[in-house]
Amino acid sequence: MVCQIRSLGLSGVDGYEVRVECDLSSGLPAFDIVGLPDAAVKEARERVRAAVKNCGFTFPVSRITVNLAPAALKKAGTVYDLPILVGILLAGGQLRCEIGQAAFVGELSLSGQLRSVAGMLPMAACAKELGIRELYVPADSAAEATLVGGMTVYPVESVTALIGHLTGQAPIAPAPPWTPETAASAGPDFAEVRGQQNAKRALEIAAAGGHNVLMVGPPGSGKSMLARRLPSILPPLTEREALESTALHSVAGLTTRERPLLTSRPFRSPHHTISPMGMAGGGSNPRPGEISLAHNGVLFLDELPEFHKEVLEVLRQPMEDGTVTISRASGTVSYPARFQLVCAMNPCKCGWYGDPSGRCRCSEGAVEKYQGRMSGPLMDRIDLHVAVAAVEYSALSRPAAAESSADIRARVTAARAIQTQRFGPNGPTCNARMGRREIEHYCGLDSAGQDIMRGAFERLGLTARSHDRVLRLARTIADLDGMADIDPMHLAEALQYRTPAYLMK
């Protein structure tokens, strides 16, 4: 007898339907899984066999063939354990019930308990598109599946509970839609930062327009402290952004039963020993890397020159396109990667180059070699180059009341609202994402502004890319001031951030 069960698979960050076909026939006892399964899928044979016996059923003594259709797509992971078990019980006549067009997803333990699976959110979204009305998932993954809406999600604790529900003996209550807590999340606040008004202003501009930032200064000047407070002034995630970011974290297995949805913008801070694959993503079954996990959030690279050159160069294309494409022998997948890059570095190896104290002992050649670890094309993609000087003693000994993150965030949110109204729901999400058409339409300069830009273009040696980035930055500064047009003062402030801060003495 052949029995067919609907299930779901994962390709990159998109789900697709998998039909689990189970056939029990006469012949020597065997258990084969076909349809391009990987090692984890093949190991389902032993998990299913043990779960069937330990839940009080009899494992069929016959030839069992399980086909995962479409057979042309490679199947990975442990999500097919539960549909394989249900198919075998139905095909063998040990389970008699109507399952209709329900879909089953879940990993089994040897005792028959269900464990959570990665990628539940994109698979649930696919199930909704396919018109599936009932979805049976592990209890730990049920909250994540409810985020999609439009179907009934049953949280399954064990095989025994599932069989009781299917036979009508002990129905399982559907999982209620998950809603985030209203309490504000605690985090570092800009009110704790003393001094550094120039750096605070730069980060406010960066947050308002989604611009990339490089902070350069001596050790202990507060670069990392400032960067870690940037998420506290970023605008809240929209529903669409939250689902996009959560889907990537779900595929990476970073969501939990308690926190199935990202309610704040992601902040990723990888160590400088990270590999290119860890940054961009990859593996035999490609998984998202740090740049994708930072989608709609911040990617913070501390001690920028210490990162391997190959790691930094993989950032260039995603910074322009907002996506990263990973090609492997098993296939090609694309992940979204619209992140805000924030970097921090010392001006030299010892960290004190250009400091008035004169304590730097690095030679000019050593300084040039250290600063040369960052390529020109990468630096050209950074909008704000900020010099962060050491904090003076007076700012520490007699600290004045500093502006809180809530106050700065209010201005940032107001500027983002202007941009949303300007571009519409289908346009760029912020000024940093403007294309050539938007720049020409919204970043026009008067004659005085044209003169300033012409002089800066020749004096600073701007490229066509940096020219557009200056205009985007000036547009953001004007938005913060609530101005409809870009004034010369907005353009002048934007141009001052184009001077590489690590060259300042």
Within the stretch 125-146, identify whether any single residue is hydroxyl-bearing (Ser, Thr, Tyr), in a helix (DSSP H, G or I) and either farther than 23 Å from residue 239 by Cα or open to solvent by less than 40 Å² (accessible area, probe 1.4 Å) (or both), and answer yes or no. yes
Would you confirm whether or not the stretch 228-240 contains a residue that is of a type in the set (D, E, K, R), without any contact (Cβ under 8 Å) to a residue 60 or more places away in the chain and open to solvent by 20 Å² or more (accessible area, probe 1.4 Å)? yes
Taking only the stretch 34-74 into account, find how many residues are in a loop (DSSP other than H, G, I, E, B), in contact with an Asp or Glu (Cβ under 8 Å, 6 or more places away or on another chain) and within 20 Å of residue 24 (Cα to Cα). 0
Has the stretch 355-372 got any residue that is over 25 Å from the mean Cα position of the chain (by Cα), among the basic types (Lys, Arg) and not in a helix (DSSP H, G or I)? yes
If you go through the stretch 480-502 one residue at a time, do you hit one that is under 26 Å from the mean Cα position of the chain (by Cα), open to solvent by less than 20 Å² (accessible area, probe 1.4 Å) and over 30 Å from residue 349 (Cα atoms)? no
One residue from 202, 247, 207, 191 being in contact (Cβ under 8 Å) with a residue 60 or more places away in the chain and surrounded by fewer than 18 Cβ atoms within 10 Å (Cβ to Cβ): 191
What are the pairs, 6+ residues apart or on separate chains, where a residue within the stretch 402-430 that is modelled with pLDDT of 90 or more and of a type outside the set (A, V, I, L, M) has its Cβ under 7 Å from a residue that is open to solvent by 60 Å² or more (accessible area, probe 1.4 Å) and assigned to a helix (DSSP H, G or I)? 422/442
Over the stretch 188-215, the set of residues β-branched (Val, Ile, Thr) and within 26 Å of the chain's Cα centre (by Cα) is 205, 213
What single numbered condition from (1) assigned to a loop (DSSP other than H, G, I, E, B); (2) touching a strand residue (DSSP E or B) at 6+ places or on another chain (Cβ under 7 Å) fails to hold for residue 188? (2)
Test: residue in the stretch 94-116 that is among the hydroxyl-bearing types (Ser, Thr, Tyr), closer than 30 Å to residue 143 by Cα, in contact with an Asp or Glu (Cβ under 7 Å, 6 or more places away or on another chain) and open to solvent by 40 Å² or more (accessible area, probe 1.4 Å): yes
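Identify, from the list 411, 361, the residue that is in contact with a Cys (Cβ under 8 Å, 6 or more places away or on another chain) and of a type in the set (D, E, K, R).
361
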Conditions first: (1) assigned to a helix (DSSP H, G or I); (2) over 10 Å from the mean Cα position of the chain (by Cα). Residue 245 passes all but one, so which condition is the exception? (2)
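Condition first: open to solvent by 10 Å² or more (accessible area, probe 1.4 Å) and either charged (D, E, K, R) or touching a residue at least 40 places away in the same chain (Cβ under 8 Å) (or both). Now tell me which residues in the stretch 217-227 satisfy that.
218, 219, 220, 222, 223, 224
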I want to confirm something. Restricting to the stretch 460-479 and keeping residues that are closer than 12 Å to residue 208 by Cβ and among the basic types (Lys, Arg), which single residue is most open to solvent (accessible area, probe 1.4 Å)? 472
When you check residue 15 against the structure, is it part of a strand (DSSP E or B), farther than 22 Å from residue 159 by Cα and at pLDDT 90 or above, yes or no? yes
Out of contact with any Ser or Thr (no Cβ under 7 Å at 6 or more places or on another chain), of a type in the set (D, E, K, R), closer than 19 Å to residue 132 by Cβ and touching a residue at least 12 places away in the same chain (Cβ under 8 Å) - does that describe any residue in the stretch 32-42? no
Every residue in the stretch 147-181 that is in a loop (DSSP other than H, G, I, E, B), open to solvent by less than 60 Å² (accessible area, probe 1.4 Å) and among the hydrophobic types (A, V, I, L, M, F, W, C), please. 147, 148, 151, 170, 172, 175
Go through the residues of the stretch 194-214 one by one and say whether even a single one is closer than 22 Å to residue 265 by Cα, in a strand (DSSP E or B) and at pLDDT 90 or above. yes
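Can you confirm whether residue 78 is open to solvent by less than 40 Å² (accessible area, probe 1.4 Å), outside any helix (DSSP H, G or I), closer than 27 Å to residue 25 by Cβ and of a type in the set (S, T, N, Q)?
yes
The values are calculated or read from the model by the stated rules, or taken from the named source; none is laboratory data. All values derive from a computational prediction rather than experimental measurement. Using ideal geometry, Cβ is built from the backbone for each residue, glycine included, and neighbour counts are taken over all protein chains shown. We work out accessible area using only protein heavy atoms, side chains counted, and drop any ligands, DNA or RNA first. Shrake-Rupley method; radii C 1.70, N 1.55, O 1.52, S 1.80 Å.
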